[in-house]
Amino acid sequence: MSATPTIAPTVPAAALPDQAPRQLRWLVRLHRTPLLTGTALVLLTAAALLWLGGPLTDASAEAWQRYNACGFSPDCSYDQDAIVRYKDVYNYTTYAVLAVPFLVAAWAGGSLTGREMESGTARLAWTQGASPVRWLASRLALPAVLILAATGLLAWLHRLAWTAAEGRVDTTKAWNDFGTFHANGTVPMALALAGLAAGVLAGLLLRRAMAALTVAAVALGALWAAVHTTLPHLWPTVTETSGLRHGPSGQGIVVGQGVVNADGDRLDLPCHTSTLPGCKSTLSDLHAVSFYRDLHPAAHYWPLQLVASGVVLVVAALLAYAAFRLLRHRTGTARRNAG
Amino acid sequence: MTVPAIEADAVGKRFGRRAAWALRDCSFRLPAGRVCAVVGPNGAGKSTLLAITAGLLAPTEGTVAVLGTDPATARPRVGFVDQDKPLYPQLTVAETLRMGADLNPGRWDADTAQRVVAGGDLDPRKRIRALSGGQRTRVALALALGKRPELLLLDEPMADLDPLARHELMGTLMGQAAAHGTTIVMSSHVVAELEDSCDHLLLIGGGRVRLAGEIDDLLAAHTRVSAPAGTELAPHDVVESRTTGRQLSALVRPAGPLPGDWRTGAPSLEELVLSYLRNPGAPAPAPAPETTEAAA
């Protein structure tokens, strides 16, 4: 048999810079359906938020104005439907904004890596000009950009809609309401990126689409819960003190409250006001001089948002790093060939 | 060509720290330009060995050199068809080939890929998910061949094909090997389908290399003998022996001239392979038959 090699042994170096756009083009083609569905959902939510911040807020504000003008008059006429519609749409759109990171996690785990590992098409890609590391890089980079744009847009519109209603609609959610707090800032963006990284890692690790989908979404939920629980302790609080007659006061995210005694020690909160007879004697037994409350006022909104986003982003980066490490370890691309 | 296509040195792989070894102590050398059959029972480690060679799986121990470098670096020059023939189900046949052309710039051979697909009367607009197993094999082979690989690794490539397609595609593969000097490694558990086309054999059993070398050399090194029952076969290496009535039949590796009163015959490749597989304790040729550095 003739063994004369007639094949050029190496790819011309000039052909290499082309690789990235080619891979991204096929990534888009392979995930065309989720891309179109996702775009439609985002645009739909964005439209709903614009509707909410504009006509719905105006109608609800007007209805509240009329309602408040009625006083105790028995024949009061105001547009109750407008108030209810505002409330419903506000709640649904908030849920929608907060659901995006979970959809991202499920898609990334199920479709982006999990299904490719399960069916073996990842191996096909790795032997068709896309090295494992590049394959993974393209699967993190392009979705990350799109996801940032989508969640950024939605959170911004959500904030606009919420701000438009502040002080005009009586049922506007407080800044520290769970959904409102998270949907109004940078947290959805960070969570969506963490969802992407968690999904990609779960897919590589479990190599089964359904399992990766579930694990990624649950892990993202756990991360969010953990961040939400610890967040108030991650930024210095403000302490409000108040007289014994008034009880602990101050609005915001309360971290702790109690009484301060004559020695300046902080004690647990036994009861709420010295105007109650039982409470008065308890407070004097404790030598209490004032109530205190540690809290985050509305001014802490952005610091808290940025701290939460930072923590989530660090986790996302670690997950992505773990995904690269795992893939390199498994395919033996570890040492020299980083591209 | 002095650089061997594959050189494995004590390669071992296990999936998980406590799992059994899927492959162990696997050493062999495949000169470039050969068509090599990897045979062995199911679960013998054939697929693991091919995946390691393709740079898709890192060995737990040992090293493999592919085309003179490590498998990850050699990957662009290696074609691989997985046992399950994975393809993206949402793409059409034409799109799949276009993807191959796009992702392998500078080396894509559209004509060959087209020819392999055209042989199956495939509608290029048909989606992969609508294809039969054999048709998918065709597209998978087209992708691997279109890449103009210097080394083509095929895991059970012919399993889903009807005899006609099998014959035709085997012809295409042999043509590729002859025209471009492509080294082809294909695994199968059907020995007969490889006998005519392969010139090199790698027999894997129980995660180890049982036999490796040029098929002609291996066949020449073994003899089928018949002798009266009770005949002492030493000092020849006995791969397998069986006594039926007063007759002893055996497959031996002669250590010297055989006695004239034994009836001898040349074994077929299938007989050779089956004898080794039936007898896991049979001595492996030591040292392994050194492959000849020919055909440069």
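When B:P76 is tested against (1) at the interface with another protein chain (Cβ under 8 Å from one of its Cβ atoms); (2) of a type outside the set (K, R); (3) under 14 Å from the mean Cα position of the chain (by Cα), just one condition goes unmet, and that condition is (3). Looking at A:T229, is it polar (S, T, N, Q) and either in a strand (DSSP E or B) or more than 19 Å from the chain's Cα centre (by Cα) (or both)? Considered against the rule, which asks whether it is polar (S, T, N, Q) and either in a strand (DSSP E or B) or more than 19 Å from the chain's Cα centre (by Cα) (or both), A:T229 comes out as no. Filter region B:149-168 down to residues that are closer than 20 Å to B:P86 by Cβ and part of a loop (DSSP other than H, G, I, E, B), then give me how many there are. Residues meeting the conditions: 7.
Scanning region A:273-285 for residues that are in contact with a helix residue (DSSP H, G or I) (Cβ under 7 Å, 6 or more places away or on another chain), away from every other protein chain (no Cβ under 14 Å), modelled with pLDDT under 90 and surrounded by 15 or more Cβ atoms within 10 Å (Cβ to Cβ) turns up at least one hit. Looking at the structure I just gave you, is B:G106 under 24 Å from B:L151 (Cα atoms), within 12 Å of another protein chain (Cβ to nearest Cβ) and among the small types (G, A, S)? For B:G106, the condition - under 24 Å from B:L151 (Cα atoms), within 12 Å of another protein chain (Cβ to nearest Cβ) and among the small types (G, A, S) - is met. Of all residues in region B:230-275, those being farther than 30 Å from B:G40 by Cβ, charged (D, E, K, R) and free of Cβ contacts under 8 Å to residues at least 12 places away in the same chain number 1. Would you confirm whether any residue within region B:85-93 is without any contact (Cβ under 8 Å) to a residue 24 or more places away in the chain, out of contact with any helix residue (DSSP H, G or I) (no Cβ under 6 Å at 6 or more places or on another chain) and at the interface with chain A (Cβ under 10 Å from one of its Cβ atoms)? No, every residue in region B:85-93 fails to be without any contact (Cβ under 8 Å) to a residue 24 or more places away in the chain, out of contact with any helix residue (DSSP H, G or I) (no Cβ under 6 Å at 6 or more places or on another chain) and at the interface with chain A (Cβ under 10 Å from one of its Cβ atoms).
When residues in region B:179-218 are screened for being within 17 Å of the chain's Cα centre (by Cα), hydrophobic (A, V, I, L, M, F, W, C) and assigned to a helix (DSSP H, G or I), 4 of them pass. B:D123 versus (1) closer than 22 Å to B:G181 by Cα; (2) out of contact with any helix residue (DSSP H, G or I) (no Cβ under 6 Å at 6 or more places or on another chain); (3) not in a helix (DSSP H, G or I): which is the lone unmet condition? Condition (1) is where B:D123 drops out.
Just one of the listed residues (B:V225, B:V190) is of a type outside the set (D, E, K, R) and in contact with a strand residue (DSSP E or B) (Cβ under 7 Å, 6 or more places away or on another chain), and it is B:V225.
Annotation note: Cβ proximity below 6 Å between a residue of region A:85-105 that is more than 26 Å from A:A212 (Cα to Cα) and a residue that is surrounded by fewer than 19 Cβ atoms within 10 Å (Cβ to Cβ) and of a type in the set (V, I, T) (sequence gap 6+ or interchain) occurs for A:K87/A:T171.
One residue alone among B:V116, B:V81 is of a type in the set (V, I, T) and out of contact with any Lys or Arg (no Cβ under 7 Å at 6 or more places or on another chain), and that residue is B:V81. Taking the numbered list (1) within 14 Å of chain B (Cβ to nearest Cβ); (2) at pLDDT 85 or above in turn, A:T4 passes all entries but (2).
All of A:A183, A:A165 fail the test of being on the phi < 0 side of the Ramachandran plot and buried (at least 24 other Cβ atoms within 10 Å of the Cβ), apart from A:A183. Residues that are surrounded by fewer than 24 Cβ atoms within 10 Å (Cβ to Cβ), facing another protein chain (nearest Cβ under 7 Å) and free of Cβ contacts under 8 Å to residues at least 40 places away in the same chain within region B:57-71 comprise just one, B:A58. Here region A:233-269 is the region considered, the condition is being in contact (Cβ under 8 Å) with a residue 40 or more places away in the chain and among the aliphatic types (A, V, I, L, M), and the residue that is farthest from A:H287 (Cα to Cα) is A:L234.
Those helices (runs of 4 or more DSSP H) of region A:60-172 in which 1 or more residues are more than 14 Å from chain B (Cβ to nearest Cβ) and over 21 Å from the mean Cα position of the chain (by Cα) occupy A:80-107, A:132-165.
Residues that are within 11 Å of another protein chain (Cβ to nearest Cβ) and under 20 Å from B:A51 (Cα atoms) were ranked within region B:166-192; the one that is surrounded by the fewest Cβ atoms within 10 Å (Cβ to Cβ) is B:I184. Of the residues making up region A:123-153, those that are polar (S, T, N, Q) and either outside the structural domain of A:M189 (by TED's automatic domain parsing) or within 28 Å of B:Q83 (Cα to Cα) (or both) are A:T127, A:Q128, A:S131, A:S138.
Can you find a residue in region B:45-53 that is within 12 Å of chain A (Cβ to nearest Cβ), more than 25 Å from B:E168 (Cβ to Cβ), surrounded by 19 or more Cβ atoms within 10 Å (Cβ to Cβ) and aliphatic (A, V, I, L, M)? Yes - at least one qualifying residue is present in region B:45-53.
The values are calculated or read from the model by the stated rules, or taken from the named source; none is laboratory data. Values in this document were obtained by computation on a predicted structure and should not be read as measured data. Note: ideal-geometry Cβ built from the backbone for every residue, glycine included; neighbour counts use all protein chains shown.
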